[in-house]
Amino acid sequence: MPNESEATELYRRHRPKVFADLVGQDVVVKVLGELLENGGLPHFLLLSGPSGCGKTTTARILKAKLNCGEADFSEVNAADTRGIDFAREVRQRMGLAPLGGKDSCRIWLVDESHRLTGDCQSAFLKMLEDVPSHVYFIFATTEPQKLLPTVRNRATEVRLSPIPDSDLCKLVEDIAKKEGVALTEEVVEKIAEAAEGSGRRSLVLLQSVIGLKTEEEQLAVIERGDVKRQAFDLVKALVWERKKKWIDVAKILR
């Protein structure tokens, strides 16, 4: 079974490019649509929600809505770039005119923004108080409570929700059809269940069963990729079923 980094090609290939294709986030689409129509998008937006629910995808759709070109779009992962030097670099560049012209803008998308250091977040405070009209900051995070309260209070927060299983099933069916892959209803439902509200994870699991010939093989691979189910089975084997042999526990862990 390919790991997640090897299996994301399918997810990237079918990443939504417009709000109409964003799965399971109708409320978010409505809120952002109203903001864009009524006075424009706030210059500091915080997208929060569980992993794989569409935060980065939403930010990239907003990039297109705001007519921001690739040269003016900076996507940063705070796990890698998180210190005070990052804030200083942004301060130096934010006053520059967009390379795309007067109708364009500059956007900084900071993924996993809760991992920015305290000093870095503090350095952003002044910038967030006086953001140039051509600059937008979009912070995306799975743990907004870890941001400094003073930073979070300056943001317009939009919360994305886990994607319902029914929407995940439709997503998997649609992508499978586009890829020419035949899946049974049970396989589709198991993928949605194992994905736990994550569109990205559902397509990672779909990628893992492409090429397998039988439903039995597909279900076995999905089960091995269902970490939550494995944890439950392990606890059950160790605690509730004390007569289980270690060979049975090993089967769960393999």
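Here, each number is a calculation from the coordinates, and none is a lab measurement. Quick caveat, the model's predicted, so the values are computed rather than measured. Don't worry about glycine lacking a Cβ; one is built from the backbone with ideal geometry, like all the others, and counts go over all protein chains shown.
Which whole number in µm²/s is D for region 3-123 by Stokes-Einstein, with the Kirkwood Rh taken over Cα pairs at 10 °C and 1.306 mPa s?
Answer, rounded: 100 µm²/s.
Could you tell me which trypsin sites (Lys or Arg not before Pro) in region 79-128 are loop residues by DSSP with no more than 10 other beta carbons within 10 angstrom of their beta carbon?
LYS102
With N set to the number of residues, divide the alpha-carbon radius of gyration of region 175-218 by 2.2 N^0.38 Å and report two decimals.
Taking N as the residue count of region 175-218, the ratio is 1.05.
Quick one: compute a quarter of the convex hull surface over the Cα atoms of region 63-188 and quote it in nm².
10.3 nm²
Apply the Karplus curve 6.51 cos²θ - 1.76 cosθ + 1.60, θ = phi - 60°, to the phi angles in region 109-115 and return the couplings in whole Hz, x for Gly and Pro.
So the J values, rounded to whole Hz, are 9, 10, 7, 6, 4, 5, 8.
For the chain, what does the helix formula give at 222 nm: sum of -39500 (n - 2.57) over DSSP H segments with n ≥ 4, over the residue count, nearest 500 deg cm²/dmol?
Values: 13 runs with 122 residues, N = 254.
Calculated mean residue ellipticity at 222 nm is -14000 deg cm²/dmol.
Rounded to the nearest 0.05, what FRET efficiency do GLU34 and SER161 give with R0 = 22 Å and r taken as the Cβ-Cβ distance? Could you check?
Given R0 = 22 Å and the Cβ-Cβ separation, E is 0.80.
For the cross-link pairs LYS190/LYS213; LYS30/LYS63; LYS30/LYS126; LYS30/LYS102; LYS178/LYS213; LYS30/LYS146, which exceed 25 Å when the distance is taken from alpha carbon to alpha carbon? Please list the in-between numbers first.
Numbers: LYS190/LYS213 17 Å; LYS30/LYS63 17 Å; LYS30/LYS126 30 Å; LYS30/LYS102 28 Å; LYS178/LYS213 18 Å; LYS30/LYS146 27 Å.
In this structure, LYS30/LYS126; LYS30/LYS102; LYS30/LYS146 exceed 25 Å between Cα atoms.
Could you give the length gained on full extension between GLU129 and ASN153, defined as 0.36 nm per residue of separation minus the Cα-Cα distance, in nm?
The span from GLU129 to ASN153 would gain 7.5 nm if fully extended.
Output wanted: per-residue J couplings in Hz (rounded whole) for region 126-143, from phi through Karplus 6.51 cos²θ - 1.76 cosθ + 1.60, θ = phi - 60°, x for Gly and Pro.
5, 5, 6, 6, 9, 7, x, 5, 9, 10, 10, 10, 10, 9, 10, 7, 8, 9
Obtain the nm distance between the two label points defined at ASP103 and ASP119 by a simple spin-label model: each point lies 7 Å from its Cα along the Cα-to-C-beta direction.
Going from the ASP103 label point to the ASP119 one covers 4.3 nm.
What FRET efficiency would be calculated for the residue pair GLU223, ALA182, taking the C-beta separation as r and a Förster radius of 25 Å, to the nearest 0.05? Let's see the in-between values first.
Details: r = 20 Å, r/R0 = 0.79.
Using R0 = 25 Å, I get an efficiency of 0.80.
For LEU109, list long-range residues whose amide hydrogen, built 1.01 Å from N in the peptide plane, is under 5 Å from its own amide hydrogen.
Result for LEU109 returns SER74, GLU75, VAL76, ILE138.
For region 80-149, just run the numbers: alpha carbon Rg, then divide by 2.2 N^0.38 Å, N being how many residues it has.
The value comes to 1.12.
Quick one: grab Rg to one decimal and Dmax as a whole number for the chain, Cα atoms only, in Å.
21.3, 72
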